[in-house]
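Reviewing the structure listed below.
The values are calculated or read from the model by the stated rules, or taken from the named source; none is laboratory data. Computed from a predicted structure; not experimentally measured. In this analysis, Cβ positions are derived from the backbone assuming ideal geometry, glycine residues included, and neighbour counts consider all displayed protein chains. To get the accessible areas, we keep the full protein, side chains included, count just its heavy atoms, and leave off ligands, DNA and RNA. Shrake-Rupley method; radii C 1.70, N 1.55, O 1.52, S 1.80 Å.
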Amino acid sequence: MNPKCDKCSEDSIIYQSYSGLHLCKKHFIESVESKVMKYIRKHIDIGNEEKLCVALSGGKDSCVLLYLIDKIFGEWPNLDIISITIDEGIENYRDEAIEYSKSLCEFLDIKQYIYSFKEEIGYSLDEISDVVGKERTCRYCGILRRWLLNKKTKKKNVDKLAVGHNLDDESQSALMNFLSGENFRLNRVAAGPSKKDGFIPRIKPLREVPEKEIGLYAKVKEEVSSHFDECPYSDWALRGDVRDMLNWYEEKHPGTKYSVLRGVDRISKNLTKEENAKLQKCLRCGEPTNNQKCQACKLIENLN
Ligand SMILES: [Zn+2]
Ligand SMILES: [Zn+2]
């Protein structure tokens, strides 16, 4: 038998070890939505006339994100919400997720644009993986996806790009930056919209929600059907090891993932200034970079 909810007399569906609460379906949904609302109020300033784009993969995180953005902002008269889906080209994985993304956009009546690696770069991710090896595929994919999203949203005059990164993603990225000696990139996991010249400001409304809770939210909200499989390339990356390590810590010491992010927030402001000072335009594509050519262009040239 399940324990009772700590806020009412219903059966609980989840135990939040970091808060010490058992929650029923209704109070769990409230808890997720209030975390997102609180985060948006505190860190994101959205104006009435803005164009907001959601990066929608069709996985559970981005589907929940689009659903919540529509729920929170859908009624604003002059706010334009669109979504962009990147088809990286991963056989037996991506097609199903894209179908989910399409039906959610239809259901919410949101305009969706789909771009593929194959058409935009010349190679699908599977083809890239054959060349660079499975261990490096995840990293290539991240760089190319970020680059493409920035180019496309700039063309569409988007004011802010919302991405579905959750508490687990963000605390993993923070640790990975340290482990790979790239701690100057920590500002990428900071709270609030990213402020870098030439980049569309990114917002992460799900940053304070644990991955497990997003999965559960997607399951209990029947409107949000989404894709649950892990990307076949993710296990090969450093991220997989960092994920296992952080989950182990979180189990022994609940709240660890939150403390990692609190630490990042304390030091991130100075890092942004430092990185902005070095930005210039990529010689090949014109996107902002710290070097003569941006990382995406270097990768594409290597592939060619
Ligand atoms: Zn309850
Ligand atoms: Zn470039």
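Among the residues of the stretch 1-21, write down those that are hydroxyl-bearing (Ser, Thr, Tyr) and within 9 Å of ligand 1 (Cβ to nearest atom). 9, 12 - these are the residues of the stretch 1-21 that are hydroxyl-bearing (Ser, Thr, Tyr) and within 9 Å of ligand 1 (Cβ to nearest atom). If a residue has to be over 12 Å from residue 117 (Cα atoms) and touching a helix residue (DSSP H, G or I) at 6+ places or on another chain (Cβ under 8 Å) to count, how many in the stretch 76-93 make the cut? Going through the stretch 76-93 one residue at a time, the tally reaches 5.
Within the stretch 103-129, the residues that satisfy the criterion of being out of contact with any Asp or Glu (no Cβ under 8 Å at 6 or more places or on another chain) and touching a residue at least 40 places away in the same chain (Cβ under 8 Å) are 103, 104, 105, 112, 113, 121, 122, 123, 128, 129.
Quick grid of which residues meet (1) closer than 27 Å to residue 6 by Cα; (2) more than 18 Å from the chain's Cα centre (by Cα); (3) within 16 Å of ligand 2 (Cβ to nearest atom):
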{"position": "22", "(1), (2), (3)": "yes, yes, no"}
{"position": "37", "(1), (2), (3)": "yes, no, no"}
{"position": "41", "(1), (2), (3)": "yes, yes, no"}
{"position": "45", "(1), (2), (3)": "no, yes, no"}
{"position": "48", "(1), (2), (3)": "no, yes, no"}
{"position": "56", "(1), (2), (3)": "no, no, no"}
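Taking the numbered list (1) at pLDDT below 90; (2) open to solvent by 50 Å² or more (accessible area, probe 1.4 Å) in turn, residue 73 passes all entries but (2).
Restricting the stretch 122-166 to residues that are of a type in the set (S, T, N, Q) and closer than 17 Å to residue 56 by Cβ, the residue that is nearest to the chain's Cα centre (by Cα) is 166.
For the stretch 167-178, a residue qualifies if it is more than 14 Å from the chain's Cα centre (by Cα) and surrounded by 17 or more Cβ atoms within 10 Å (Cβ to Cβ), and the qualifying residues are 175, 176, 177.
When residue 32 is tested against (1) surrounded by fewer than 21 Cβ atoms within 10 Å (Cβ to Cβ); (2) more than 15 Å from residue 161 (Cα to Cα), just one condition goes unmet, and that condition is (1).
As a summary of the residue check, residue 250 satisfies the conditions (1) out of contact with any helix residue (DSSP H, G or I) (no Cβ under 8 Å at 6 or more places or on another chain); (2) at pLDDT 95 or above except for the one numbered (1).
Of the residues 104, 108, which is closer than 18 Å to residue 55 by Cα, of a type outside the set (Phe, Trp, Tyr) and open to solvent by less than 20 Å² (accessible area, probe 1.4 Å)? Step by step, each of 104, 108 is checked, and only 104 is closer than 18 Å to residue 55 by Cα, of a type outside the set (Phe, Trp, Tyr) and open to solvent by less than 20 Å² (accessible area, probe 1.4 Å). If the condition is being of a type in the set (D, E, K, R) and either outside any helix (DSSP H, G or I) or at pLDDT 95 or above (or both), then the stretch 156-169 contributes 156, 159, 160, 168.
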